[in-house]
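S.K.: Okay, handing you the structure first.
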Amino acid sequence: MSSLNERRKFFLCMGLVAAITLSVYAPTLHYPFISYDDPVYIIDNPHVVNGLSWDGIKWAFRSTVSLHYHPVTWISHMVDVEFFGMEPGAHHASAIIIHALATILLFTVIHRWTRHVWSAAFVAILFGIHPLHVESVAWLSERKDVLAGFFLALVLLAYGEYSRRPSVFRYLTVVLFFVCGLLSKATLVVLPAALLLLDYWPLGRFQHTKTNLQPGLAPPIKMRTVSYIRAVLEKTPLGILSVLLALGTLYLQGAGSNMVQLGAMPWTFRLSNAALSATTYMGKTFWPSGLAFFYPMHPIPSLDAVMSALLILSLSIGAVFQVRKRPYLFVGWFWFLFFLLPVIGIAQVGIQARADRYAYLPLIGLGLGMAGTIREMAAEKNSRYKGLVLTLTALFLLGITGVAVRQVGFWRSNLDLFQRAVDVTENNFIAHNNLGDEYFARRQFKEAEAHFRQATEIMPLEPHLFVNLGNVLLIQKRHADAISAFEQALSIKDDYKSALVGLARAYILSDRFEDGLAFYRKASGSLPGSADSHRFAGNAYLGQGRLDEAATHFERAANMNPQNPELWFRLGLTYTAQGRQAEAVKCFERALALNPGYELARKALQYSHSKLGETNPLP
């Protein structure tokens with residue numbers, strides 16, 4: 001009867017964990033793609049929008065787009081497109097399901113290892129709905145996070161079976177899931193070290209390990225014991241895979257512009273930011289306020305850095321001293337630190353100080369430590385605290401659920417997301433720039449200009465910010481101000497193509513046509529007879545309404561570079577303006593054949609068919 005009750009309790013808690021997780025993220029089913037990174041990963045990626053294909057799979061394993069190596073992530077996006085097209089709600093559904101499965105698997109693993117259903121439920125709910133995890137689930141570009149969490153949970157499940165009954169098949173299963181995880185996101189490189197922590201507790205695999213646990217905290221499952229050396233040796237193949245992927249990722253990011261060069265940022269700042277970020281993640285675990293999609297870097301006061309480092313050191317020493325009596329604190333704390341190492345900023349990738357998504361896997365460790373502490377404090381001999389402990393735990397879970405629901409709401413649109421970042425952070429030039437882009441897309445040019453100006457004031461050495469400002473000034477016909485903005489961008493980077501093109505447009509609109517053409521040619525960076533030069537000239541003539549000259553240049557450009565869908569689209573637009581609808585149809589069809597996700601070309605094709613009085617054969 002007791003066994004039956006335990007099984008009922010297990011499935012009841014599993015259902016509760018799944019229901020809470022799914023309900024928190026259900027609103028994202030109605031959310032659109034986000035303009036920040038989603039175009040790179042999904043919307044404008046021709047390999048993804050073509051769906052699942054052998055060529056796409058080969059590209060995924062060769063791709064260095066975004067300067068990360070995660071072919072499994074690319075393939076998952078392709079699968080979404082193959083089955084659901086470009087409907088964002090379906091893509092969100094995939095992310096929610098993967099995250100929910102990871103949460104349920106985590107619950108199952110912890111319950112199997114501890115035989116304590118409420119501790120397992122606590123860790124799983126914390127993982128499933130914590131506001132720090134909203135970014136990883138609600139942001140489709142972060143599919144790599146939920147995939148990494150899913151494969152991590154599968155590794156833990158397989159590793160538990162291997163530890164209980166070692167065999168070659170079970171070991172290879174661990175390796176398979178680990179490789180899939182690595183190919184989803186490189187942060188799993190630290191997993192071999194984390195498995196050594198789990199060997200100590202809760203698996204209790206080490207020979208001659210002496211613990212002084214509180215009653216009921218000892219590992220409930222009899223595992224095959226191994227020596228320390230054997231435990232390390234069996235992780236060695238996993239460690240080699242980790243090292244190879246880590247070196248490859250660092251090479252990709254170092255070769256690109258995503259990784260800050262070691263000499264460009266002082267080690268003192270890197271270490272200070274790492275220490276402050278780690279303590280910030282801890283603080284946000286308990287009080288998740290002021291969350292944003294991007295946190296800009298700021299000067300760090302020396303006192304803050306020193307205090308953060310001392311806190312980490314103190315907690316680490318305390319965890320070591322508690323290793324025998326309270327191993328869940330030791331394992332949980334060092335799991336947290338291990339999984340922060342790849343993303344903490346010592347090898348700085350990107351320009352953010354920290355990111356909520358970086359806490360996705362580390363938070364499992366804090367959850368283990370919190371669950372063990374709650375369980376011990378609520379144990380029989382401390383029963384006088386039991387009611388208080390359970391009440392505070394329930395209030396904490398209710399609180400983070402409410403915050404998570406609110407945080408999910410900020411992802412409903414670009415405007416909500418970027419405005420939230422401006423509201424809760426300081427000097428956030430990325431958020432201001434993105435707000436400017438969003439207002440520009442909505443044709444609210446005054447608001448766009450205000451945010452672009454704020455971005456340039458915060459970060460006056462970023463040329464693309466001045467280009468954005470110039471573009472919004474240009475569309476308001478403030479040609480002189482636009483020229484000034486583009487010239488400012490060129491003073492920062494004299495060969496910046498976007499600024500050269502913007503300046504060319506500004507000159508042409510200011511009736512300085514030859515000057516404009518000269519800047520178009522300079523922007524092409526090549527001989528006057530190149531495809532780029534013809535494209536720029538075609539744009540210039542099209543902007544002047546000189547359709548015959550524009551058509552001539554676009555024809556030459558498209559013939560020189562026939563695999564470029566934009567050239568066929570621009571040629572089609574020119575033909576449409578000339579009334580040559582039949583020829584325009586062929587151009588738009590050519591553009592769509594090269595890029596089936598080219599929505600502007602699809603709409604233009606529909607327009608041309610309507611002018612010809614034909615039925616558009618495309619959906």
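S.K.: How much accessible area per residue does the stretch 101-212 have, in Å², with a 1.4 Å probe? The partial results should precede the final answer.
M.R.: Values: 3160 Å² over 112 residues.
I get 28 Å² per residue for the stretch 101-212.
S.K.: If you take the Cα atoms of the stretch 292-414, find Rg, then find the Kirkwood Rh from the mean of 1/r over all pairs, what is Rg/Rh? Let's see the in-between values first.
M.R.: On the way: Rg = 17.6 Å, Rh = 17.1 Å.
A ratio of 1.03.
S.K.: For labels at Leu612 and Thr64 in the simple 7 Å Cα→Cβ model, what's the distance in nm?
M.R.: 4.3 nm
S.K.: Counting only other residues whose beta carbon sits under 13 Å from that of His91, what net charge do I get with K and R as +1, D and E as -1? Show your work: numbers first, answer last.
M.R.: Numbers: positive: Arg143; negative: Asp38, Asp80, Glu82, Glu87, Glu142.
Result for the local shell: -4.
S.K.: For the cross-link pairs Lys522/Lys586; Lys58/Lys603; Lys58/Lys185, which exceed 26 Å when the distance is taken from alpha carbon to alpha carbon?
M.R.: On the way: Lys522/Lys586 31 Å; Lys58/Lys603 31 Å; Lys58/Lys185 18 Å.
In this structure, Lys522/Lys586; Lys58/Lys603 lie more than 26 Å apart at Cα.
S.K.: Here is a further query. Keeping all protein chains in place, calculate the accessible area per residue for the stretch 568-610 (probe 1.4 angstrom), answer in Å². List each step's numbers first, then the result.
M.R.: Numbers: 1920 Å² over 43 residues.
For the stretch 568-610, the solvent-accessible area averages 45 Å² per residue.
S.K.: Bin width 10 Å, origin at 0, all Cα-Cα pairs of the stretch 435-498: what percent of pairs per bin?
M.R.: Calculated over all Cα pairs of the stretch 435-498, the distribution is 27, 55, 18, 0 percent.
S.K.: Roughly how big is the chain's charge dipole about its Cα centre, with Cβ charges of +1 (Lys, Arg) and -1 (Asp, Glu), in debye to the nearest 20? The partial results should precede the final answer.
M.R.: Details: 55 positive and 43 negative charges, 554 e Å.
About 2660 debye.
S.K.: More than 21 angstrom separation, counting every C-alpha pair in the stretch 453-545; what % is that? Walk me through the numbers before you get to the answer.
M.R.: Values: 1169 of 4278 pairs.
Counting every Cα pair in the stretch 453-545, those more than 21 Å apart make up 27 percent.
S.K.: With the convex hull built on the Cα atoms of the stretch 28-97, state its orientation-averaged projected area in nm². List each step's numbers first, then the result.
M.R.: Working: hull surface 17.5 nm².
For the Cα atoms of the stretch 28-97, the hull's average projected area reads 4.4 nm².
S.K.: Please report the base-10 log of the normalised intensity I(q)/I(0) for the stretch 552-619, using a Debye sum with one equal scatterer per alpha carbon and no solvent, at each q in 0.15 (1/Å).
M.R.: Each listed q corresponds, in turn, to -0.39.
S.K.: I've got another one for you. Over the chain, what percent of the accessible surface lies on carbon and sulfur atoms, probe 1.4 Å?
M.R.: Numbers: 17250 of 27860 Å².
The computed percentage sits at 62.
S.K.: Quick check: from the Cα gyration tensor, does the stretch 115-167 come out rounded (a/c under 1.5), prolate or oblate?
M.R.: Because a/c hits 1.5 or more and a/b fails to exceed b/c, the stretch 115-167 counts as oblate.
S.K.: Can you tell me which lysines have their Cα less than 23 Å from the Cα of Lys446? Leave out same-chain residues fewer than eight positions away.
M.R.: Of all the lysines, those that pass the test against Lys446 - Cα under 23 Å, at least 8 places apart if same chain - are Lys477.
S.K.: So how long is each side of the stretch 487-619 along the principal axes, counting just the alpha-carbon atoms, biggest first, in Å?
M.R.: So the three principal-axis extents are 51, 27, 25 Å.
S.K.: Where does the charge balance sit around Ser510 when Lys and Arg score +1, Asp and Glu -1, over other residues with C-beta under 15 Å from its C-beta?
M.R.: Details: positive: Lys477, Arg478, Arg505, Arg512; negative: Asp481, Glu487, Asp511, Glu514, Asp515.
Charge balance near Ser510 sits at -1.
S.K.: Give the angle, between 0 and 90 degrees and rounded to the nearest 10, that separates the Cα long axis of helix 581-594 from the longest principal axis of the Cα atoms of the chain.
M.R.: That helix lies at roughly 30 degrees to the long axis.
S.K.: What share of all Cα pairs of the chain, in percent, falls into each consecutive 10 Å distance bin?
M.R.: 3, 14, 23, 24, 16, 10, 6, 3, 0, 0
S.K.: What's the Kirkwood radius of the stretch 388-519 in Å, using all Cα pairs?
M.R.: 16.6 Å
S.K.: Continuing with this model, one more query. In deg cm²/dmol, rounded to 500, what helix-only [θ] at 222 nm does the chain give when every DSSP H run of at least 4 residues adds -39500 (n - 2.57) and the total is split over its residues? Intermediate results must be reported in sequence, preceding the final value.
M.R.: Working: 28 runs with 427 residues, N = 619.
Computed mean residue ellipticity for the chain: -22500 deg cm²/dmol.
S.K.: Taking amide H atoms as placed 1.01 Å from N in the peptide plane, list the residues 5 or more away in sequence, or in a different chain, whose amide H sits under 5 Å from that of Val226.
M.R.: Under 5 Å from the amide H of Val226 lie the amide H atoms of Phe206, Gln207, each far enough along the sequence or on another chain.
S.K.: For the charge dipole of the chain, defined by +1 on Lys and Arg C-beta atoms and -1 on Asp and Glu C-beta atoms about the Cα centroid, which residue among Ile317, Ile400, Asn564 has the Cα displaced farthest towards the positive pole?
M.R.: Ile317
S.K.: Separate question: For the stretch 330-378, with equal point scatterers placed on the C-alpha atoms only and solvent neglected, what are the log10 I(q)/I(0) values from the Debye formula at q = 0.13 1/Å, to two decimals?
M.R.: -0.36
S.K.: Using only the Cα atoms of the stretch 57-202, each taken as one equal point scatterer with no solvent, compute I(q) by the Debye sum, divide by I(0), and report log10 of the ratio at q = 0.16, 0.20, 0.21 Å⁻¹.
M.R.: Listed by q, the Debye log ratios stand at -0.92, -1.28, -1.36.
S.K.: Using R₀ = 56 Å, calculate the FRET efficiency as 1/(1 + (r/R₀)^6) where r is the Cβ-Cβ separation of Ser167 and Leu461; round to 0.05. Each step should come with its number before you reach the end.
M.R.: On the way: r = 59 Å, r/R0 = 1.05.
Working from the Cβ atoms, E equals 0.45.
S.K.: Non-local amide H neighbours of Arg354 (under 5 Å, H modeled in plane, Pro and chain starts lacking H): which ones?
M.R.: Excluding prolines and chain starts, which carry no amide H, the hits are Tyr295.
The values are calculated or read from the model by the stated rules, or taken from the named source; none is laboratory data. Since the model is a prediction, treat every value here as computed from it, not as a measurement. Neighbour counts are summed over all protein chains in view; Cβ atoms, including those assigned to glycine, are modelled from backbone coordinates with ideal geometry. Heavy atoms of the whole protein, side chains included, go into the accessibility calculation; ligands, DNA and RNA do not. Shrake-Rupley method; radii C 1.70, N 1.55, O 1.52, S 1.80 Å.
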